[in-house]
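Q: First, the structure itself, so that you have it in front of you.
Values quoted throughout were computed directly from the atomic coordinates according to the rules given, and no laboratory measurement underlies them. In this text the structure is predicted, and so the values were computed from the model without any measurement. Cβ coordinates were reconstructed from backbone atoms using ideal geometry, including for glycine residues, and neighbour counts include every protein chain displayed.
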Amino acid sequence: MDENTLKKLKEKCREMLKEDVEVIIVYTRKESEPKEILTVIESPDEIEKITLSPLSANNPAKHLIHELKNRSGKIGVVAKGCDSRAIKQLINEGKIDRERVHIIGISCPGIIDYRKLITKFKPSEVKKVTLSGDTVLVQTVNDEQRIPLDKLIYENCLYCTHPTPQEYDSLLGEVREGRRDFSDIEELEKMSQEERWNYWIGELEKCIRCFACRNACPFCYCTECLVDPTDLAISPMSPAEEKASYPRFLGKTVNAQDNLFYHLLRVIHHAGRCVGCGECERACPMDIPLRKLERKLEKEVIEVFGYIPDGDVPFLARLDILPEKETTSGR
Amino acid sequence: MDNKIKAMIYDGNFLRDVAEKLLEKGYRVIAPIKSGNYFIFREIDNPERISLNFINTKKSAKEFLFPQNEGLIRYREWIEEILLDSKKRAIIGIRPCDAKAITLLDEVFLKGFKDPYYEARRKNTIIIGYACNETGDYCFCSSLGLSPHETEGMDILVTNLGDRNYLEVITDKGDEIIGLFDVKEVTDEDGKRKHELERKAVESTTRKIVSDMKDVLVNNFNSDYWRKVAFNCIGCGTCTFLCPTCFCFDMLDEGEKEGIRYRAWDSCQFPLYTLESSSHNPRREKWQRLRNRFYDKFLYTVESKGKVFCVGCGRCISDCPAGVDITEVMNGLLKEVSE
Amino acid sequence: MSESCDRSNQLDQFEPKIIAFACNWCSYAGADLAGTSRIQYSPNVRIIRVMCSGMVNPAMILYAFRKGADGVVVAGCHPGDCHYNVGNYYAKKRIVLLKEMLDFIGFESDRLKLLWASAAEGKKFAEEMIDFVEKIRRLGPQKKMLSIPYRI
Amino acid sequence: MIDIGAEMENPYVPFKAEIIDIRQEVKGVRAIKTFRMRLVGRERFDYKPGHGCLVSVFGRGESWFTIANSPTRPDLEFSVLKTGKVTTKLHELEVGDIVGLRGPLGTPFPVDEWKGKNIITIGGGIGQTPLRSVYQYVIDNYDDYGELTIVYGARTSRDLVYKDELMQLIDEGYNVYLSVDMQEEGWEHFVGYVPDNLRFNVKPDPDNTIAITCGPPIMITLTLRVLKELGFKEDQVYTTLERRMKCGIGKCGRCRLDGKYVCRDGPVFRYDRLSSLLES
């Protein structure tokens, strides 16, 4: 994520654009603030726009699906550890055709939580944010500050299991070891049942059901989502009974219980698929700790079912790893 | 300065004291409190919980006049009850841009067909504003003809001069309330100080937008620019739900035999918003929906209501997960047109 | 789908509302057998016939809780003799995960029960239902997940 | 000009209405039923042809229907195509059931301005409903208006709505041009699409004539093109638009098309106002 990785990335992109790659999905900086967004570059003169810093947060997997649908050629994509895991999982689920993708893997030391950054700096004054070693260099209009990364790091990256991409065509940055650690989930599990209920109802009461978490997640791609279908598979010819009897599990009543229904249902669909990229928590305007729900699910998938994520056979298909008892928790 | 507005000085923290007084008089007081690392309006029962060191709250106070869920009719075989809510309320500590947004909502709900539900709440709500001495990084109210010390839409505007408060009373409702407090005359030194604060706030605004985009938008409806702008957008409802001037709603029935017909916030970014039962959807693509949001704010509402429906609060910029920025989009369109 | 269960007021003895999703080939036939052979079991159980226990979607279970069910039972065939071969395996996987998540958020996951009952085990089906209703009666009415939109 | 929904003090609360007669117009998958309703406990609100109502079924929701009969005829008639949640429930109702009615909503046809002019109505499928209200009004005040021509077509003769009424009009000597898309035995009228029927058979003379068209979007576009070829100017042609509607009073933003609300400023539009719209 430091300067020379960025230089190598630019050279790599220049080469790729000369070869068979039609476009590359890369990070570029917004004009008015240091936040980085994903853009598609097609020609070599756009190479200068590419950035790579601890602010390159978003997961390009969903954009990749979109571009593959709209273009015919090969597509390059810059992917950190969790992003490449997402792309690999989507390949297993048949949403991405591996031959048409050139993955530039970036070994990721952890990204900055933008919300923490703007509590310390005014966004319009920040010129450049770069990483050297494990301290962050923030160049602002009037001075330059050095802050240790773990002061600004996005909390989810502390529990990162795959900082170095597994699935890539070329890899930049030295290899890093991930670790599997569910200490924050165990903290929550120690609380009593009442405390946990009050904690979660207190958090989920803030939800305004804007569906940013679902729309940001690379694995929430069903158009007929049970909770808020983005498109109904109806045609002018579909009979009225079918449309009338369409199941409506959830209206637009926004209260703690209905929000809980929505989030539980959304999360449980990610069993064994979630790669921990944190897009859902970053997208949530109300700062709800959504990652904790997903990580609890990942913990159960590993401990109760003994399924190691990233296996080639998706979790749903593994019917041979059922626990004997109904549930081991019983707490 | 509108001549009707009376200015006066109050020693001490007026917002906290007025909250206490109004609670005693049986008002439901709604004020900003700190929750997590942002601020939000909540109904409070003791004035200590008010905290005022914020640029703006996460959600505007719109939800107390036009709630996210509002019961209209409770029914069994036929109508059981019409659920009007006319409890006396006071919204305290609202920023000038959100107060202006409320006057825009009045344009929608009180003009032409009077919306009885909105009117019942609006008539019984006192709005006491809190001027901005420093604009945030995402604010651009000054480029929309608004000032950080704007008084439109408020009963009383409070400006913090440090040790004392500079009050501006705009409506008779404000007069009644001021009557309960002992206030002092304004010295011209206070007046100078207030204008100084206002000027400093306007200067510190970094973001700009051109408010009259009408003809640029009309000629560029089919340009490819809108597809590029929508590349990153994920089609969620965050910008519309946080926006203080968005008023679209959906009406649903909950409960087959007996239940409630309620209306809930809806977003033009959701595809089902315009999907017809014949499966025809006038805005099927994500970029058409995003384009519609910009056209609604800067063209359609100008055509139908004569007002730009944006108050420059910047919430849709700061909280957009995909980094779509209304000022960059509009200025980008102007730049692209000029090339 | 269960209608909105209106909350009967607090009698001296709490009568729980139980929703049972019974798989058409085994458990529903088992419940039928219990009925035809005059085996009594508590009337609180409302049975919904589904073609396979694998069809029971977590949304249906959560929807039942949201509308006021005190307990939900998913009854299917014994592992191995499911009419669709793997339906009950999926059911088990979903129910175990859902119970873990319900427990994590502080909801009594004992209110959800997975039951294997073949077509011949009418008696076992009835007994399981009776002691499940007792367990729920001890747990008391389920108010946590109950969503009352009329509160708007 | 009738103020929209003048008699409703709360625009979201429907009037109580009882179904007094149901006529099955079309059977099968795309069934159509015409409901005749009478308000309970109050006089019928007065309205103009082209006004519509939101028929409300508690527990299911509301749907917009243009009033099918002319104000000169008793009660209120709505033709309901079975296509979704609310309409399916409506089709299950029997005579005597209670529904809610919110209206009159929308902007009606300016029938007063048309006095002394010839009227031609061009309808397709269920689009015939608003036109029926117009031609019934014209027939009841026939000396105020010029010549009336009715052009109406549907996919098959089974899909024709108000068939017996139209046959009766033919016997009474009004020029009615019916058409079906495909040839059927026992069908002696025109075979083909409505716009072709208009171009080859009807060939209306644009002088002092008002044309009103309503039906599926493709039919409207083709009909507008034929009318232009025949020399109709844009302010002589009226059409209606289809949009998803919820509040019906120009608030909720769903049916907004550019600066206009289809439910309040429409669904009837004069064509010259439509051609300038960006999004149509």
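Q: Tell me which residues come under 5 Å, amide H to amide H, from A:Lys74 once H is placed; ignore anything under 5 positions away on its chain.
A: A:Glu22
Q: Another question, then. Averaged over all directions, how much area does the convex hull of the C-alpha atoms of the range A:182-331 cover when projected, in nm²?
A: 11.2 nm²
Q: While we're here: Which pairs, out of B:Lys123/C:Lys143; B:Lys114/D:Lys233; A:Lys190/C:Lys113, put more than 30 Å between their alpha-carbon atoms?
A: Beyond 30 Å: B:Lys123/C:Lys143; B:Lys114/D:Lys233.
Q: To the nearest 500 deg cm²/dmol, what mean residue ellipticity at 222 nm is calculated for chain A from DSSP H runs of n ≥ 4 alone, each contributing -39,500 (n - 2.57), summed and divided by the residues?
A: Value at 222 nm, helices only: -9500 deg cm²/dmol.
Q: Further question: Given H placed 1.01 Å from N in the peptide plane, which residues other than close sequence neighbours of C:Ile48 have an amide H under 5 Å from its amide H?
A: C:Ala20, C:Phe21, C:Ala22
Q: Same structure, new question: Could you sort out which of A:Lys243/D:Lys82; A:Lys18/A:Lys88; B:Lys4/B:Lys200 sit more than 18 Å apart by Cα distance in this structure?
A: A:Lys18/A:Lys88; B:Lys4/B:Lys200
Q: Please list, or write none, the aspartates and glutamates whose alpha carbon is within less than 19 Å of the alpha carbon of B:Lys257, excluding same-chain residues fewer than 8 places away.
A: Partners within reach: B:Glu77, B:Glu80, B:Glu81, C:Glu3, C:Asp6, D:Glu18, D:Glu62, D:Glu92, D:Glu94, D:Asp97.
Q: Kindly work out what percent of the DSSP beta bridges joining two residues of chain A are antiparallel, to the nearest 5.
A: 60 percent
Q: Residues with amide H under 5 Å of A:Thr135's amide H, sequence separation 5 or more or different chain, H placed in the peptide plane at 1.01 Å from N; which?
A: So A:Thr135 has HN proximity to A:Leu149.
Q: Each residue of the range B:161-177 in turn: what ³J(HN,Hα) in whole Hz from Karplus with 6.51, -1.76, 1.60 and θ = phi - 60°, glycine and Pro shown as x?
A: Each residue of the range B:161-177 in turn: 8, x, 8, 9, 10, 9, 9, 10, 9, 9, 10, 5, 3, x, 4, 3, 5 Hz.
Q: List the aspartates and glutamates whose Cα lies under 17 Å from the Cα of B:Lys184, skipping any in the same chain that are fewer than 8 positions away.
A: B:Asp11, B:Asp17, B:Asp163, B:Glu168, B:Asp175, B:Glu176
Q: I've got another one for you. Per residue of A:200-207, count partner chain C-beta atoms within 10 Å of its C-beta, then hand back the mean as an integer.
A: 2
Q: Hey, what number do you get for chain B at 222 nm if only DSSP H runs of n ≥ 4 count, each worth -39500 (n - 2.57), divided across all residues, to the nearest 500?
A: -9000 deg cm²/dmol
Q: Additional query: Where does the range D:118-240 land on Rg/Rh, using Cα atoms and the Kirkwood Rh?
A: When Rh is taken as the Kirkwood radius, the ratio is 0.93.
Q: Most mobile of C:Ser27, C:Ser53, C:Ser118 per a Gaussian network model of chain C (Cα springs, under 10 Å)?
A: Of the options given, C:Ser118 has the highest mean-square fluctuation.
Q: Please compute the modelled spin-label separation between D:Thr156 and A:Glu93, points set 7 Å along Cα→Cβ, answer in nm with one decimal.
A: With each label placed 7 Å out from Cα toward Cβ, I get 4.3 nm.
Q: Then there is this: Based on DSSP, what percent of beta bridges with both residues in the range B:20-95 are antiparallel, to the nearest 5?
A: The answer is about 75 percent antiparallel.
Q: With N denoting the number of residues in chain B, provide Rg(C-alpha) divided by 2.2 N^0.38 Å, to two decimal places.
A: In units of the globular-protein estimate, chain B measures up at 1.06.
Q: Which of C:Leu62, C:Leu97, C:Leu114 moves the most in a Gaussian network model of chain C with Cα springs under 10 Å?
A: C:Leu97
Q: Size of the dipole of the range A:123-259 about the Cα centre, Lys and Arg at +1 and Asp and Glu at -1 on the beta carbon, nothing else charged, in debye to 20?
A: Result for the range A:123-259 is approximately 360 debye, rounded to the nearest 20.
Q: To the nearest whole percent, what portion of all C-alpha pairs in the range D:1-141 is separated by more than 24 angstrom?
A: The answer is 28 percent, as a whole percent.
Q: Counting only DSSP beta bridges with both residues in the range B:6-203, what percent are antiparallel, rounded to the nearest 5?
A: In the range B:6-203, approximately 65 percent of DSSP beta bridges are antiparallel ones.
Q: Suppose we keep just the alpha-carbon trace of the range C:18-142; what are its Rg and Dmax in angstrom?
A: Final numbers for Rg and Dmax: 13.6, 41 Å.
Q: Mind giving me the FRET efficiency for D:Lys27 and A:Glu15? R0 is 56 Å, r the Cβ-Cβ distance, nearest 0.05 is fine.
A: Calculated value: 0.25.
Q: How large is the helix-only mean residue ellipticity at 222 nm for chain D, computed as the sum of -39500 (n - 2.57) over DSSP H runs with n ≥ 4, divided by its residue count, in deg cm²/dmol to the nearest 500?
A: Computed mean residue ellipticity for chain D: -5000 deg cm²/dmol.
Q: Roughly how many debye, to the nearest 20, is the charge dipole of the range B:6-203 about its Cα centre, given +1 on each Lys and Arg Cβ, -1 on each Asp and Glu Cβ, and no other charges?
A: Charge dipole of the range B:6-203: 460 debye, to the nearest 20.
Q: Quick check on chain A: what are the equivalent-ellipsoid semi-axes from the Cα gyration tensor, as sqrt(5λ), descending, whole Å?
A: Over the Cα atoms of chain A, the semi-axes work out to 34, 26, 21 Å.
Q: When the dipole is taken about the Cα centre of the protein assembly as shown, and only Lys, Arg (+1) and Asp, Glu (-1) are charged at their Cβ, what size is it in debye, to the nearest 20?
A: 1160 debye
Q: Between C:Ile136, C:Ile48, C:Ile105, find the one with the highest GNM mean-square fluctuation for chain C; connect C-alpha pairs within less than 10 Å.
A: C:Ile105
Q: Here's a follow-up. What's the Kirkwood radius of the protein assembly as shown in Å, using all Cα pairs?
A: 32.7 Å
Q: Go through B:Lys87/B:Lys208; A:Lys62/A:Lys296; B:Lys173/B:Lys307; B:Lys59/C:Lys92 and tell me which ones have a Cα-Cα distance over 32 Å in this structure.
A: Too far apart for the 32 Å limit: B:Lys87/B:Lys208; B:Lys59/C:Lys92.
Q: Let me ask you something else. Just to be sure I follow: if Rg is taken over the C-alpha atoms of the range B:214-338 and Rh is the Kirkwood radius over the same atoms, what is Rg/Rh?
A: Rounded to two decimals, Rg over Rh is 1.01.
Q: Out of A:Cys222, A:Met237, A:Gly251, whose Cα points farthest toward the positive end of the dipole of the range A:215-262 (charges: +1 Lys, Arg; -1 Asp, Glu; placed on Cβ)?
A: Towards the positive end, the residue furthest out is A:Gly251.
Q: From the phi angles alone, apply the Karplus equation (6.51, -1.76, 1.60; θ = phi - 60°) to the range B:325-332 and give each ³J(HN,Hα) in whole Hz, x where the residue is Gly or Pro.
A: Result, rounded to whole Hz: 10, 4, 6, 5, 5, 5, 5, x.
Q: In the protein assembly as shown, if the dipole is taken from +1 on Lys/Arg beta carbons and -1 on Asp/Glu beta carbons about the Cα centre, which of C:Cys82, B:Val183, A:Phe261 is farthest to the positive end?
A: Of the candidates, C:Cys82 comes out farthest on the positive side.
Q: Toward the positive end of the charge dipole of chain C, about the Cα centre and with charges on Cβ (Lys, Arg +1; Asp, Glu -1), which of C:Ala64, C:Ala22, C:Ile105 goes farthest?
A: C:Ile105
Q: Something else now. Aspartates and glutamates within cross-link reach of B:Lys34: Cα-Cα under 12 Å, excluding same-chain residues under 8 positions apart?
A: B:Glu48
Q: Please list, in order along the range D:261-268, the HN-Hα scalar couplings obtained from phi with the Karplus expression 6.51 cos²θ - 1.76 cosθ + 1.60 (θ = phi - 60°), rounded to whole Hz, x for Gly and Pro.
A: Whole-Hz 3J(HN,Hα) from phi for the range D:261-268: 9, 4, 7, 9, 7, x, x, 8.
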